[in-house]
1. Ordered by residue, what ³J(HN,Hα) values in Hz, to whole numbers, does region 318-323 give under the Karplus form 6.51 cos²θ - 1.76 cosθ + 1.60, where θ = phi - 60° and Gly and Pro are x?
2. Percent of accessible area on region 1-112 owned by carbon and sulfur, 1.4 Å probe?
3. Within straight cross-link reach of Lys110, meaning Cα distance under 12 Å, which aspartates and glutamates are found once same-chain residues fewer than 8 apart are removed?
4. Shape of region 190-339 from its Cα gyration tensor (a ≥ b ≥ c, root eigenvalues): rounded if a/c is under 1.5, otherwise prolate when a/b > b/c, or oblate?
5. How many percent of DSSP beta bridges within the chain run antiparallel, rounded to 5?
6. Could you give the nm distance between label points at Glu341 and Arg258, where each point is 7 Å from its Cα heading toward the beta carbon?
7. Once you order the gyration tensor axes a ≥ b ≥ c over the Cα atoms, which shape class does region 68-112 get: rounded for a/c under 1.5, otherwise prolate or oblate by comparing a/b with b/c?
8. Compute the accessible area per residue over region 68-145, keeping the other protein chains in place, probe 1.4 Å, unit Å².
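The values are calculated or read from the model by the stated rules, or taken from the named source; none is laboratory data. All values reported here derive from a predicted model rather than from experimental measurement. Backbone-built Cβ (ideal geometry, glycine too); neighbour counts: all protein chains shown. Calculation scope for accessible area: heavy atoms of the full protein, side chains included, ligands and nucleic acids excluded. Shrake-Rupley method; radii C 1.70, N 1.55, O 1.52, S 1.80 Å.
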Amino acid sequence: MDHDRQTGPLAGFTVGVTAARRADELIALLRRRGASVLHAPALRIVPLADDSELLAATKDLIGCAPDAVVATTAIGFRGWIEAADGWGIGEELLERLRATELLARGPKVKGAIRAAGLVEAWSPQSESLAEVLDRLLGAGVAGRRIALQLHGEPLPGFVEALRAGGAEVVVVPVYRWMAPEDPGPLDRLLDTVIAGGVDAVSFTSAPAAASLLSRAEERGVREDVLAALRGGVLSACVGPVTALPLQAHGVDTVQPERFRLGPLVQLLCQELPGRAKVLPVAGHRLEIRGHAVLVDAELRPVPPAGMALLRALARRPGWVVARADLLRALPGAGRDEHAVETAMARLRGALGAPKLIQTVVKRGYRLSLDAGGELKYAGSEPV
């Protein structure tokens with residue numbers, strides 16, 4: 001294990017990634033901070049180069065010039081220009097775009113606009129569509145014809161606000177989200193969420209969140225998945241629109257102030273360690289993370305059975321927990337209390353400090369909690 005994985009703020013935590021687009025970038029950011037990553041694309045992007053809807057919208061704009069065009073993503077804007085080229089109307093589209101007010105949502109879109117030989121009229125500092133909307137509405141949209149290049153999902157609030165202000169809105173759907181061709185990775189993520197094997201799931205689009213819940217419903221496990229997401233598994237969303245499908249089912253979410261991948265990862269770096277249980281045990285600082293334990297800041301990976309025992313002991317630090325109760329906490333252990341002894345021996349070995357857990361003869365086991373230490377060090381969330 002490299003140094004970053006050992007010491008990063010996400011060391012010992014497992015994060016599910018549902019993104020299709022820019023997944024590699026998100027996964028690299030998470031791994032750089034120590035996380036284990038379970039990647040399960042909840043969607044795939046289908047270009048619409050042969051789609052009648054995109055062709056009709058493009059011809060409509062060429063035939064009747066827009067007053068403003070909002071470009072929302074670089075991949076979408078490039079795809080639109082490439083599709084128009086394929087239909088033999090690329091130059092006509094570019095001519096129209098040169099004569100209109102072209103608004104770019106952020107720097108990547110700006111780059112795509114300039115690569116096409118065009119210049120944007122304006123782009124917000126925040127990279128937020130809300131700021132683009134505020135600018136349009138502030139200038140007045142009554143009687144204006146505004147084209148909106150969609151980024152794979154409808155933007156009903158954006159479109160409705162423009163129409164309510166009196167604008168005619170032409171939506172340009174460049175590509176579409178669809179369910180993944182191979183649902184296997186998504187099914188594995190759903191099973192792991194239910195089993196509590198991930199600490200957080202990240203969402204970078206509303207369709208991904210909706211698709212994950214839809215797949216769970218198809219498999220008859222939606223309520224189990226929702227129970228896990230309402231419980232110990234954190235839902236981290238890139239922004240408020242992304243969070244809506246989860247919030248509609250009573251799932252609390254966290255979102256960064258800036259709706260980008262970097263701030264999303266930074267938020268996880270704050271949230272997950274903040275939810276870990278920290279205890280002073282036998283003169284050591286014990287921090288219980290998702291699939292590992294920090295013993296005096298040294299990361300010690302622990303097998304699932306050992307983590308189950310440790311969590312059971314940490315629910316009542318310093319109190320004796322009976323073997324029968326520990327047996328119930330063990331995944332698939334059956335009725336043999338020897339399974340507890342075997343798992344306990346492995347747990348002690350994994351922790352590397354055998355005195356952390358004390359055997360109480362004929363009664364069970366306890367964490368050797370330092371006197372008066374729990375309130376000083378314990379994390380705010382229950383394990």
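1. Working through the residues one at a time gives x, 8, 6, 10, 5, 4 Hz.
2. Taking all protein chains in place, region 1-112 shows 49 percent carbon and sulfur surface.
3. Glu120, Glu127
4. oblate
5. 45 percent
6. The answer from the label model is 5.8 nm.
7. Judged from the Cα gyration tensor, region 68-112 comes out oblate (a/c at least 1.5, b/c at or above a/b).
8. Accessible area per residue: 45 Å².
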